[in-house]
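Student: Please find one structure pasted underneath; my questions will follow.
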Amino acid sequence: NRCEGCRANNYQVSSNMPKNEPTKRVDTVDIEELVSQSLSGEEIKFCRCYRSSRFPLCDGAHNAHNKEAGDNAGPVVIKSFPP
Ligand code: FES
């Protein structure tokens, strides 16, 4: 489960993704609950690198991964949602 950059450079970078699940990984987010925990107008960032300790939310761990692996991973940013 290495990214393109890791494969190309043969980096062995571990992630927080559990590898022992028998089927594909599916994460469910209750968007109303998530929005209610955020300030109106605040961005919500979803992790795409599987290294966040707050998964499925981004905690910035992609920066260390990118530096180590020469990758360019980053979050999905949700910018607009109701107050
Ligand atoms: Fe994974 Fe930011 S920590 S995209």
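Student: Among what's in segment 16-40 and is hydrophobic (A, V, I, L, M, F, W, C) and assigned to a loop (DSSP other than H, G, I, E, B), pick the residue that is modelled with the highest pLDDT.
Tutor: VAL29
Student: Can ASN63 be described as more than 7 Å from the ligand (Cβ to nearest atom) and either out of contact with any helix residue (DSSP H, G or I) (no Cβ under 7 Å at 6 or more places or on another chain) or of a type in the set (A, V, I, L, M) (or both)?
Tutor: When the stated conditions are applied, ASN63 passes them.
Student: I've got another one for you. Taking only pairs six or more apart or across chains, which ones have beta-carbon atoms under 7 Å, a first residue in segment 46-74 that is on the phi > 0 side of the Ramachandran plot, and a second residue that is buried (at least 17 other Cβ atoms within 10 Å of the Cβ) and not polar (S, T, N, Q)?
Tutor: Cβ pairs passing all conditions: GLY70/GLY5.
The values are calculated or read from the model by the stated rules, or taken from the named source; none is laboratory data. These numbers were taken from a predicted model, which means no experiment stands behind them. Cβ: placed from backbone, ideal geometry, glycine included. Neighbour counts: every protein chain shown.
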